[in-house]
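K.L.:
Got a structure for you, questions after.
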Amino acid sequence: AQSVSQHNHHVILSEAASLELGCNYSYGGTVNLFWYVQYPGQHLQLLLKYFSGDPLVKGIKGFEAEFIKSKFSFNLRKPSVQWSDTAEYFCAVTFYGNNRLAFGKGNQVVVIP
Amino acid sequence: EPEVTQTPSHQVTQMGQEVILRCVPISNHLYFYWYRQILGQKVEFLVSFYNNEISEKSEIFDDQFSVERPDGSNFTLKIRSTKLEDSAMYFCASRRNRDISYEQYFGPGTRLTVT
């Protein structure tokens with residue numbers, strides 16, 4: 001079955017530390033990949049997306065993600081986090097032929113000043 | 001910047017009652033969605049709606065659920081006879097058109113509590 005997995009659901013780190021969140025999916029066909037973020041009290045908003053082309057995509061607020069097709073992965077990274085990056089991060093995928101988003105379980109990230 | 005809005009922010013209802021959750025998608029968007037997130041679980045797709053009809057639905061979206069676009073601005077999700085397991089956060093989303101390269105914009109959610 002098509003699915004999306006995220007690990008390390010709770011991440012605590014200090015400001016200026018680097019962040020990497022893993023996302024894996026199970027599907028052998030064409031996918032479109034997204035990372036959404038939900039800041040406390042706010043709605044889900046798009047950080048970045050990948051459809052085709054350069055597998056390294058850059059998003060808002062200094063985030064980037066790399067699509068590695070052979071590993072079925074789309075990991076999110078930020079070299080130096082700030083307190084304002086405290087949020088929940090969701091990986092989401094659309095599988096070929098569908099326009100629904102399939103979400104991972106999310107990563108709750110807390111950045112300590 | 002235009003936003004998707006949802007009302008109410010929190011709804012408490014008794015088991016067996018009907019509830020209607022309301023959403024106002026972004027005005028020039030054509031594709032509409034409902035998702036839900038049960039506490040501690042993944043955000044799950046329920047249904048998508050385009051051109052005044054359901055375009056896709058999940059196995060969760062059974063006969064107890066229905067969607068409607070009663071006018072040019074609102075998009076509603078109705079649950080006919082709520083169950084305890086319907087307690088969740090319900091998110092509405094909209095997208096500009098059929099092209100999946102356009103992102104889905106999410107509303108803030110309605111927390112539904114069934115007692």
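The values are calculated or read from the model by the stated rules, or taken from the named source; none is laboratory data. Values in this document were obtained by computation on a predicted structure and should not be read as measured data. We place every Cβ from the backbone using ideal geometry, glycine too, and count neighbours over all the protein chains shown. Just so you know, the surface numbers come from the protein's heavy atoms only, side chains and all, with ligands and any DNA or RNA stripped out. Shrake-Rupley method; radii C 1.70, N 1.55, O 1.52, S 1.80 Å.
K.L.:
Of all trypsin sites (Lys or Arg not before Pro) in the stretch B:1-80, which ones are in loop regions per DSSP and have a Cβ with at most 14 other Cβ atoms within 10 Å?
P.N.:
B:R80
K.L.:
Work out the mean other chain Cβ neighbour count within 10 Å for the residues of B:39-50 and drop it here as an integer.
P.N.:
Counting other chains' Cβ atoms within 10 Å and averaging over B:39-50 gives 4.
K.L.:
If you don't mind, there's one more thing I want to ask. If you take the accessible area of A alone, add that of B alone, and subtract the area of the pair, what total do you get in Å², probe 1.4 Å, to the nearest 100?
P.N.:
1800 Å²
K.L.:
Whole number in Å², please: accessible area per residue of the protein assembly as shown, 1.4 Å probe, ligands, DNA and RNA not counted.
P.N.:
I get 49 Å² per residue for this part.
K.L.:
Follow-up. Can you give the average number of partner chain beta-carbon atoms within 10 Å of each beta-carbon in peptide B:55-65, as a whole number?
P.N.:
Average neighbour count from other chains, rounded to a whole number: 1.
K.L.:
Further question on the same structure: Name the shape class, rounded, prolate or oblate, that the alpha-carbon gyration tensor gives for the stretch B:5-114, where a ≥ b ≥ c are the square roots of its eigenvalues, rounded holds for a/c under 1.5, and otherwise prolate holds if a/b is larger than b/c and oblate otherwise.
P.N.:
Because a/c hits 1.5 or more and a/b exceeds b/c, the stretch B:5-114 counts as prolate.
K.L.:
Additional query: When the Cα centres of the stretch A:7-61 and the stretch B:57-106 are compared, how far apart do they sit, in Å?
P.N.:
Centre-to-centre distance over Cα atoms comes out at 24 Å.
K.L.:
Relative to the Cα centre, what is the charge dipole magnitude of the stretch B:1-55, using +1 at the beta carbon of each Lys and Arg, -1 at the beta carbon of each Asp and Glu, and rounding to the nearest 20 debye?
P.N.:
140 debye
K.L.:
Here's something else I'd like to know. So which aspartates and glutamates pass the test for A:K61, namely a Cα distance under 16 Å, with those fewer than 8 places away in the same chain ruled out?
P.N.:
Within reach: A:E15, A:E20, A:D85, A:E88.
K.L.:
Place a +1 charge on the Cβ of each Lys and Arg in chain A and a -1 charge on the Cβ of each Asp and Glu, then give the dipole magnitude about the Cα centre in debye, rounded to the nearest 20.
P.N.:
My answer is approximately 260 debye.
K.L.:
Separate question: Return the subset of A:K49/A:K69; A:K49/B:K57; B:K57/B:K78; A:K58/A:K78 for which the Cα-Cα distance in this structure is over 19 Å, preserving the input order.
P.N.:
Cα-Cα > 19 Å for A:K49/B:K57; rest within.
K.L.:
A further question follows. If you count, for every residue in A:41-50, the Cβ atoms of partner chains within 10 Å of its Cβ, what is the mean?
P.N.:
Partner-chain Cβ atoms within 10 Å, mean over residues of A:41-50: 4.
K.L.:
A follow-up question, please. Quantify, in whole percent, the carbon and sulfur part of the accessible surface of the stretch B:10-91 (1.4 Å probe; protein heavy atoms only).
P.N.:
Using a 1.4 Å probe with all protein chains present, the stretch B:10-91 comes out at 44 percent carbon and sulfur.
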